[in-house]
Amino acid sequence: MMLCVLHRLLFLTSSLTFMRAERVDTQEKLILSSMGLSSRPKPSHQAPVPSLLWRMFKKDGERSSESDGDPCVVSEYGVRGNIVRFIQDQGSLISAPAVHCFNCVRKHLFFNVSVLEDVEQLSFAQLEMKFEQDLAHLGRSVFSVDLYGVRRTALKGVTHESSRRLLLSQSLGPGAYASVHVNLTQLAETWRTPGKNYGVQVEVHSSGELEEHASVGKVARTPELRASLVAVSLNPLQCRSRRKRSAAYYLPVTPSNVCKPRRLYIDFKDVGWQDWIIAPQGYLANYCHGECPFPLSESLNGTNHAILQTLVHSFDPKGTPQPCCVPIKLSPISMLYYDNNDNVVLRHYEDMVVDECGCR
């Protein structure tokens, strides 16, 4: 008999655990959906965060309390947007020989722009190519870089001259680290059409001046390059002009049971999101709680409708409820995180922190 009861308790416990886990999964999906994410990111590795994104993240934190200005402008690039992605290159070296490129390195660069949602408007896309070797000791114009847009490819990445067009031809000048930036906004927009993303090809040629340095014992090898695509996009559903703060009179002390902001700190580690959220580790979200008693003082930020409702409630408490204590001023936050393609993303979210509460 006891064994039967134990089995029944174990069954009920496992069923409740399953139902609780299923409810948590549903809630997590709803929260992620409100954040513009179709699923919880599960990065395979944590790539280093570009220094530019760190600076932009800190700058967003400094301006989050300001009420003026457009929060959905990326000033670093001078375009509208609330999402900045560093999309990693998924291409590879091209081993097939080419007559015109006997002494050069050829690489196919491919960026998965399908990470952008359909609702997002691509504002800016810039290719960044960085060469890891020290070029200063090799003199001026040591390497030349040719970049081609690819219209179609054959097997093994072989591309005929008729199926590509030259986008850039540039010589690298002196400097400890050389880099090349190319605006690919129009081309990246075409990549969003299914079946139209063939990427780009880059050819790094060594010049005659490099051979001269090599003859006097200098290291003469073509530098390795790392490439990424900076994509700035705007999600119009999650971006709007910030409302200006309205002037009001605030009492220095208020009773504890009246409507006002209450402290609520959300720690991403507590919800198991620390593996994909880079920064912040948590934030002070706050919430509104309390009563809206008659008569409403100015400190409760009540509307005319709320004032009349509290008056009617004082005569008919059962038939007419009190106004609700709700947020009336919220401020944004920015988040750095990894997506499912191991890209580093900086995203701006409006209305995440409760600053003021009022009776409505």
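Any chance region 295-317 includes a residue that's aliphatic (A, V, I, L, M), surrounded by 14 or more Cβ atoms within 10 Å (Cβ to Cβ) and touching a residue at least 60 places away in the same chain (Cβ under 8 Å)?
Yes, region 295-317 contains a residue that is aliphatic (A, V, I, L, M), surrounded by 14 or more Cβ atoms within 10 Å (Cβ to Cβ) and touching a residue at least 60 places away in the same chain (Cβ under 8 Å).
Check every one of the strands (runs of 3 or more DSSP E) wholly within region 151-255 and list those with 2 or more residues that are on the phi < 0 side of the Ramachandran plot, surrounded by fewer than 16 Cβ atoms within 10 Å (Cβ to Cβ) and at pLDDT below 55. Before the answer, list the steps.
Numbers: elements: 164-171, 179-183, 200-206, 225-234.
The strands (runs of 3 or more DSSP E) meeting that bar number zero.
The values are calculated or read from the model by the stated rules, or taken from the named source; none is laboratory data. Here the structure is a predicted model, which means the values were calculated and not measured. Note: ideal-geometry Cβ built from the backbone for every residue, glycine included; neighbour counts use all protein chains shown.
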